[in-house]
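Remarks on the structure that follows.
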Amino acid sequence: MSLLIYAESADGKFKKVAFELASYAKKVAESLGTTVTAVTVNAGNVSELSKYGVDKVLKVTYDKLAHFNAKAYADVIKQAAQKENAHVIVLSSTTDSLYLAPLVAVGLEAGFASNVVGLPVATAPFQVKRTAFSNKAFTITEITTGVKVLSLAKNSFGLIENSSNLSEEDFTPNLNEADFSVKVESVEKSTGKVTIADADIVVSGGRGLKGPENWGMLEELAATLGAATACSKPVSDLGWRPHSEHVGQTGKPVATNLYIAVGISGAIQHIAGINSSKVKVVINTDAEAPFFKVADYGIVGDAFDIVPRLTQKLKEF
Ligand code: FAD
């Protein structure tokens with residue numbers, strides 16, 4: 001029995017979530033008394049995984065997998081799990097992995113739990129804690145199947161260094177034409193800026209900023225912090241910002257280390273999408289704005305006064 005993770009990479013480099021997943025898997029493996037195997041697809045420097053406790057890597061190098069293809073990737077993970085006799089398979093919650101995890105579970109006839117936060121509550125029976133109702137509640141879910149597939153909520157565990165003696169093995173999955181019957185083309189918009197998906201910090205603006213001409217100060221704050229910019233739904237509906245920046249229940253979910261909300265009231269649909277962020281800072285003129293109820297730090301004040309001063313102070317560090 002072993003525990004398998006899918007360590008995601010892009011352009012040969014591991015994504016940060018791969019290391020978070022490895023850190024998490026190591027702790028789960030310890031509680032189950034087993035080891036961690038990672039399967040990688042066209043990844044470069046797999047030895048990086050040893051820093052986070054991975055014991056073994058199954059390296060898949062396959063030209064046809066250069067672009068994400070859910071069916072083929074799910075087959076790779078399934079075959080790796082079967083080869084390793086893995087009883088617990090853990091994926092992350094990126095867009096690709098959220099697509100893959102249920103396919104892997106179906107392929108392995110396994111029980112599946114998404115949005116897992118924290119280590120298993122119990123290992124026999126196997127129970128995990130998950131977020132529910134757009135992050136407004138937690139549930140404890142028991143998985144009764146022999147093989148279990150989990151997807152770990154983003155930024156829910158963090159990175160834990162835990163060096164291991166990594167062994168590497170080339171793995172050639174058995175894929176056929178049917179695996180590639182659906183072709184997915186992805187178009188990456190390259191702005192040169194940090195994207196919401198990769199960001200540790202997000203600076204987000206709402207209707208309180210009055211118009212698109214005022215976004216310069218948010219962009220400057222974001223650039224100073226190495227952050228991505230985001231916005232509330234009405235802001236993108238009004239065309240002040242691109243739809244790709246809309247966060248919330250109907251937009252992108254955000255689970256960053258720091259979320260700074262400027263001129264956003266904190267409607268339930270907005271909070272639902274950002275509530276998993278670790279530290280939430282709110283800047284709003286209205287002390288009664290609902291966002292303050294979920295904020296870790298709040299500034300009651302005018303964004304046009306506070307934001308430039310905050311940026312200036314940060315630049316002085
Ligand atoms: P407002 O509600 O207009 O708030 C502006 C805030 O700015 C106010 O709190 C005000 O006090 C403050 N302010 C004004 N001037 C200043 C200043 N100078 N400095 C500082 N603060 C100032 N919304 C989302 O964001 N994401 C979603 O995914 C989403 N999905 C939805 C789904 C459904 C089905 C529905 C019905 C709604 C959804 N909404 C969503 C909309 C949501 O209900 C709110 O209407 C929206 O979030 C409000 O956006 P806002 O906070 O930018 O604007």
| task | Using the heavy atoms of the protein chains and a 1.4 angstrom probe, tell me the accessible area per residue for segment 148-277 in square angstrom. | result | 51
| task | Count neighbours as other Cβ atoms within 10 Å of each site's Cβ, and list the trypsin sites (Lys or Arg not before Pro) in segment 119-209 that are DSSP loop with at most 11 such neighbours. | result | Lys136, Lys183, Lys189
| request: Report, ordered by chain and residue number, the lysines lying within cross-link reach of Lys233, taken as a straight Cα distance under 16 Å and ignoring same-chain residues fewer than 8 apart. | output: Lys210, Lys252
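Keeping the other protein chains in place, figure out the carbon and sulfur percent of the accessible area of the chain, with a 1.4 Å probe. Write down the numbers at each step before the final one.
Numbers: 7850 of 15240 Å².
Exposed carbon and sulfur together represent 51 percent of the surface.
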| remark: Expected sort for 60-66, 15-21 on mean C-beta neighbours within 10 Å, highest first, is 15-21, 60-66
| task | Among His246, Ser167, Leu225, flag the residue with its Cα farthest along the positive direction of the charge dipole of segment 123-248, charges on Cβ as +1 for Lys/Arg and -1 for Asp/Glu. | result | His246
| field | Extreme residue, positive dipole direction of the chain, given options Ala197, Leu3, Ile140 (C-beta unit charges) | value | Ile140
| request: Return the distance in nm (one decimal) between the two label points of a simple spin-label model at Asp170 and Leu119, each offset 7 Å from Cα along Cα→Cβ. | output: 3.8
| Residue among Thr139, Thr35, Thr256 with the largest mean-square fluctuation in a Gaussian network model of the chain, springs linking Cα atoms under 10 Å | Thr139
| So what's the gap between the Cα centers of segment 219-253 and segment 269-317, to the nearest angstrom? | 14
| note | Expressed in angstrom and rounded, the centroid-to-centroid distance over alpha carbons for segment 104-162 and segment 1-51 is 16
| Spacing of the two label points (7 Å from each Cα toward its C-beta) at Ser163 and Asp237, in nm | 5.4
| Which residues in segment 257-272 place their backbone N less than 11 Å from a point set 7 Å from the Cα of Leu314 along the Cα-to-Cβ direction? | 258-261
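How big is the dipole moment of the chain about its Cα centre under a simple scheme where the beta carbon of each Lys and Arg is +1, that of each Asp and Glu is -1, and everything else is neutral? Debye, nearest 20, please.
On the way: 31 positive and 33 negative charges, 111 e Å.
Once rounded to the nearest 20, the dipole reads 540 debye.
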| query | Working out 0.36 nm times the residue gap between Asn45 and Thr145, then minus their Cα-Cα distance, what length gain in nm do you get to one decimal? | reply | 32.6 nm
| remark: quick shape note, segment 196-238: Cα extents on principal axes in Å, largest first -> 26, 19, 11
| query | Given Gly301, Ile260, Ser276, which one lies farthest toward the positive end of the charge dipole of segment 229-313, if we put +1 on the Cβ of every Lys and Arg and -1 on the Cβ of every Asp and Glu? | reply | Ser276
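Give me the extension gain from Asp11 to Thr224: residue separation times 0.36 nm, minus the current Cα-Cα distance, reported in nm with one decimal. Let's see the in-between values first.
Values: separation 213, 0.36 × 213 = 76.68 nm, distance 2.68 nm.
Length gained, Asp11 through Thr224: 74.0 nm.
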| Gain in span if fully extended, Asn257 to Glu177, counting 0.36 nm per residue against the direct Cα distance | 24.6 nm
| Rolling a 1.4 angstrom probe over the protein heavy atoms, how many square angstrom per residue are accessible across segment 1-105? | 36
| Does a label point 7 Å from the Cα of His67, set along Cα-to-beta-carbon, have any residues of segment 157-182 with amide nitrogen under 19 Å, and which are they? | 176-182
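The values are calculated or read from the model by the stated rules, or taken from the named source; none is laboratory data. Quick caveat, the model's predicted, so the values are computed rather than measured. All Cβ positions, glycine included, derive from the backbone under ideal geometry; neighbour counts span all protein chains shown. Accessible surface areas use protein heavy atoms only, side chains included; no ligands, DNA or RNA. Shrake-Rupley method; radii C 1.70, N 1.55, O 1.52, S 1.80 Å.
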